[in-house]
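Presented below is the structure to which this report refers.
The values are calculated or read from the model by the stated rules, or taken from the named source; none is laboratory data. Quick caveat: nothing in here was measured; it's all calculated off a predicted structure. Note: ideal-geometry Cβ built from the backbone for every residue, glycine included; neighbour counts use all protein chains shown.
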Amino acid sequence: MMGPVDPALREALAKQFPDVFAAEGDLDPNGVVVPAALHVALAKTLKESFGFTLYVSVIATNFPTAEGETYEVATVLRNPTTAQPFWWRVRLGADPQLATLYPLFAGADWQEREQFDLVGVNFVDHPDMRRLMLSEDWEGFPLRKSYAIDTPHTPWR
Amino acid sequence: MNLRQRDRINPHLDLDTVDAAADLMALNMGPQHPSTHGVLRIKLFLDGEVIIKAVPYPGYLHRGVEKLCERLTCVQLTPIFDKHDYVAPMTNEQALNIALERMLGVEVPRRARYMRTILAELQRLASHLLWLGTFTLDIGGTIGGGASLMMYTFREREPILDVFEMLTGARFHYNTHQVGGNRHDIPDGWAAAVKTCMDQLAARMPEYEEQCVTNSVFLMRTKGIGVIETPLALELGLTGPNLRASGVDLDLRRDAPFHAYDEIKVNVAVSNGCDTHARFEVRIAEMYESIRIVRELIDNVPEGPICSLKPVRTVNQIKLPEGKQMYTAIETPRGELGTWLIGGGAEKGACPYRLKIRPPSLHAMAALPYALVGHTVSDVVAVLGSLDPIMGEVDR
């Protein structure tokens, strides 16, 4: 569970992002779904106005559906004063592109590279979008569901 | 002009724009350098002996654990988690099992929570002892003649592995946690063995600390080296002792309690030094605190069951609900070890759909391009050692 979100934070977010954070009812415990266009603005607001300055993680996930490939990118931040984490999700289509958080959080550099490397989500305007874990000539993105676990990889291609 | 560290140092520096006094030299450190704590390669760009850009290349130990997690059932995952951070397997198991328990809403009996707390603190001591030995070894022949402190810390670590062996039968890859509690109950004589081990360590710790802090070469090699300023440390996602050495008072044991930490007091060590020496100080203070916590708890373990679920008989006994996802984190010796868990995977939900591990060491490694610039090649090993990375966890 995301845990109780501070009422003042909830109210301020509802004012700034009325389409995403309804003023009443529980927030989705799996993480609020935010349109891709608001991704950077939300991170900036949380960091600069609400003290969520600790960059925790970014998680990309592949969800194959009947209509085609979809992706979700979850971002986790933490407020170091209250230790409260906050996370949200962005849904992306078959060609996953999302704005980078690198200008706001230096840690997004490697974390977004890792998600690009393994899941194949492209973070737009990232200064150095290379693979992080796998070799640069690796083919495919291993954490996509279509990538079989026994896919052969020959080093002498 | 007082620029923030983030604005002062560009990890993606274009070397063509550098106006160097001498010719630039690129130097590869690793992947098989003895001081890179596993296999890490750092490409250093040097002006004389001063580093102007550092590019780490992790991934040499990448084993595709997250892909593997999608094919193994929750019951089979615990031994896999032992092998991520092979210096602190106990806390890694706990991170996985707490994530599963919170998703399933399983309560853990009070006895098991106390046992987990004791095991976590013993593991913190074992891990920090190994760090102390290798860190002083990295700094070189300055501490009592080369490797001698490492021999002592390994001697102290042995009794801790012995008490783990008494409890679980294994010295290293324990597989002693399961969803709902623990697998092995406390054997006779275990509390006495733990107490003896803590007494020995408590008597010798001041000696080891003194060996370092009274050594002027040690101080010169650590003070003011590898500074990571507070805002940058937060932005990078540093956690644990590395973050607390940069002046942030955050410890999940106290601030977001798990195990039995809500029933005891944890004194959190913080330093404002931000440098290699501050990280040393914080870890040393944490070791004294861990000894105190173990001594406080070892006589007060409550009676009762050690697991709230029936013993594991089949591998697909535990099923995760579909469509649920959550982030869970605990404080390991290296910092915040988090898991992003999505339920409802293969084998009718017995496997996770996705399990992302958030390793504290990976975030610490990302600090290297900032912390190394302006220092010399010999400082690289000091800074790297002070961040205490375990490459098994960085690369997974």
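Structure summary
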{"item": "Residue count for the stretch A:114-130, restricted to those that are within 23 Å of residue B:41 (Cα to Cα), more than 8 Å from chain B (Cβ to nearest Cβ) and out of contact with any strand residue (DSSP E or B) (no Cβ under 7 Å at 6 or more places or on another chain)", "result": "3"}
{"item": "Condition check for residue A:106: under 24 Å from residue A:8 (Cα atoms), small (Gly, Ala, Ser) and within 8 Å of chain B (Cβ to nearest Cβ)", "result": "no"}
{"item": "The one condition in (1) at pLDDT 90 or above; (2) in contact with a Phe, Trp or Tyr (Cβ under 7 Å, 6 or more places away or on another chain); (3) of a type outside the set (Lys, Arg) that residue B:133 fails to fulfil", "result": "(1)"}
{"item": "Flag for residue B:373 being surrounded by 22 or more Cβ atoms within 10 Å (Cβ to Cβ), within 14 Å of chain A (Cβ to nearest Cβ), in contact (Cβ under 8 Å) with a residue 40 or more places away in the chain and among the β-branched types (Val, Ile, Thr)", "result": "no"}
{"item": "Search result, residues across the stretch B:225-279 that are among the aliphatic types (A, V, I, L, M) and more than 11 Å from every other protein chain (Cβ to nearest Cβ)", "result": "B:225, B:227, B:245, B:260, B:264, B:266, B:268, B:269, B:270, B:278"}
{"item": "Subset of the stretch B:178-194 that is small (Gly, Ala, Ser) and closer than 16 Å to residue B:120 by Cα - its residue that is modelled with the highest pLDDT", "result": "B:191"}
{"item": "When residues of the stretch A:80-116 are limited to those that are among the basic types (Lys, Arg) and out of contact with any Lys or Arg (no Cβ under 7 Å at 6 or more places or on another chain), the one farthest from residue B:258 (Cα to Cα)", "result": "A:91"}
{"item": "Residue in the stretch B:298-320 that is in contact (Cβ under 8 Å) with a residue 60 or more places away in the chain, in contact with a Lys or Arg (Cβ under 9 Å, 6 or more places away or on another chain) and assigned to a helix (DSSP H, G or I) present", "result": "yes"}
{"item": "Residue within the stretch B:273-291 that is part of a loop (DSSP other than H, G, I, E, B), β-branched (Val, Ile, Thr) and surrounded by 21 or more Cβ atoms within 10 Å (Cβ to Cβ) present", "result": "no"}
{"item": "Helices (runs of 4 or more DSSP H) fully within the stretch B:1-103 counting 2 or more residues that are closer than 25 Å to residue B:360 by Cα, away from chain A (no Cβ under 14 Å) and in contact with a Leu (Cβ under 9 Å, 6 or more places away or on another chain)", "result": "B:74-82"}
{"item": "Options B:386, B:378: the member that is more than 13 Å from every other protein chain (Cβ to nearest Cβ) and either surrounded by fewer than 24 Cβ atoms within 10 Å (Cβ to Cβ) or at pLDDT below 85 (or both)", "result": "B:378"}
{"item": "Hits in the stretch A:52-69 - residues which are within 19 Å of residue B:326 (Cα to Cα) and either facing another protein chain (nearest Cβ under 8 Å) or assigned to a strand (DSSP E or B) (or both)", "result": "A:54, A:55, A:56, A:57, A:58, A:59, A:60, A:61, A:62, A:63"}
{"item": "Unmet requirement for residue B:263, which otherwise passes all of (1) of a type outside the set (Gly, Ala, Ser); (2) closer than 20 Å to residue B:94 by Cα; (3) crowded, with 22+ Cβ neighbours inside 10 Å", "result": "(3)"}
{"item": "Condition check for residue A:111: surrounded by 23 or more Cβ atoms within 10 Å (Cβ to Cβ), outside any loop (DSSP other than H, G, I, E, B) and at the interface with chain B (Cβ under 8 Å from one of its Cβ atoms)", "result": "yes"}
{"item": "From the options A:37, A:83, residue that is under 15 Å from the mean Cα position of the chain (by Cα) and without any contact (Cβ under 8 Å) to a residue 12 or more places away in the chain", "result": "A:37"}
{"item": "Single residue of A:90, A:76 found to be within 18 Å of residue B:356 (Cβ to Cβ), more than 12 Å from chain B (Cβ to nearest Cβ), in a strand (DSSP E or B) and of a type outside the set (S, T, N, Q)", "result": "A:90"}
